[in-house]
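Okay, structure first, notes after.
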Amino acid sequence: MQEASDETAAIIRTNWTRVQEQVGAACDAAARPAEQVTIVGVSKYVSPPIALLLAQAGCCVLGENRPQAIWDKAEYFRQQGQPAEWHMIGHLQRNKIRRIISDICCVHSLDSLRLAQALSEEAVRVEQCLRCLIEVNVTQDASKTGLPAHELEVVLEQTLRLPGISIQGLMAMSTQQSTSDAARREFASVRDLRDKMQSRYPEIQLSELSMGMSSDFREAIAEGATLVRIGSNLWQGII
Ligand SMILES: *Cc1c(COP(=O)(O)O)cnc(C)c1O
């Protein structure tokens, strides 16, 4: 891991520019406006001072998969006066919510009714409205996190009226090392699920689809992703 030097800052700026261009090109290829896709910079690979360099380069929507990392980095950013939007993208245990609720604005990994209830309670307590995406498992991989597709409707039904949280869409990951075609089919099935839930519940807006990482963001954007979670590609030459 490199130090937060000028050289490191320059590498990160170059990476950020390249990733934006690649995402822009994927939007062009899909005939979608680039404004429809937000890059969530996944900073889990680096220390708070290195993550700060990415925000200083212009990537201020950041994702972490561990609560501990969110509070460390959010605290460091506060000390440095750097604004950022923190997204929780990994599995969240209910006993960790209280500690991070004030630092996060969006949870991508809502995967149970019990978690939704706990998030709702804490969000109400701190008078915050928390954006949430329901994580679905569209792969055949039982070890993967996320709700099986057939449980989605029941959980959505019971979650959508909870106070303090706003369900805005779905999140999913493709099967690791799948071919490009297989990844596209999985992302398309997430979009289909979203479309189905949207017509079932017209009173809410399920406009967000969080899908696509460094290796498959092009496929995800082709299938309608609005949030791409990019990690490794932003840290080339650093980690
Ligand atoms: C690490 C991680 C990412 C980023 O993955 P890269 O392949 O490094 O871009 C995206 N989403 C989740 C949930 C992650 O844990």
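Compute the normalised compactness of segment 117-239: alpha-carbon radius of gyration over 2.2 N^0.38 Å, N being the residue count.
For segment 117-239, the normalised Cα radius of gyration is 1.12.
Listed by number, the DSSP H helices of the chain that run 24 Å or longer by alpha-carbon position along their axis and have mean Kyte hydropathy of at least -1.0 are 6-29.
Taking the square roots of five times each eigenvalue of the Cα gyration tensor of segment 69-111, the equivalent ellipsoid has semi-axes of 20, 11, 7 Å, listed largest first.
For segment 1-105, the fraction of alpha-carbon pairs lying more than 21 Å apart is 39 percent, rounded to a whole number. Amide H contacts of Asn137 (H built 1.01 Å from N, in plane; Pro and chain starts excluded): Leu147, Ala149 sit under 5 Å, all sequence-distant by 5 or more or on other chains. On a C-alpha basis, how far is the centre of segment 193-239 from the centre of segment 113-152 in Å? Whole number, if you could? About 16 Å separates the Cα centre of segment 193-239 from the one of segment 113-152. Here, P(r) means the percent of Cα pairs in each 5 Å bin from 0 to the largest distance; for segment 72-141 it is 3, 15, 27, 23, 15, 9, 5, 2, 0.
Volume of the convex hull of segment 171-231 (Cα atoms only), normalised per residue: 65 Å³. Set the Cα radius of gyration of the chain against 2.2 N^0.38 Å, with N its number of residues, and you get 0.99. Mean silhouette area of segment 50-190, derived from the convex hull of its C-alpha atoms and averaged over all directions, reads 9.4 nm².
Coordinate-derived values only; no laboratory data. Just so it is clear, the model here is predicted, and its values are computed rather than measured.
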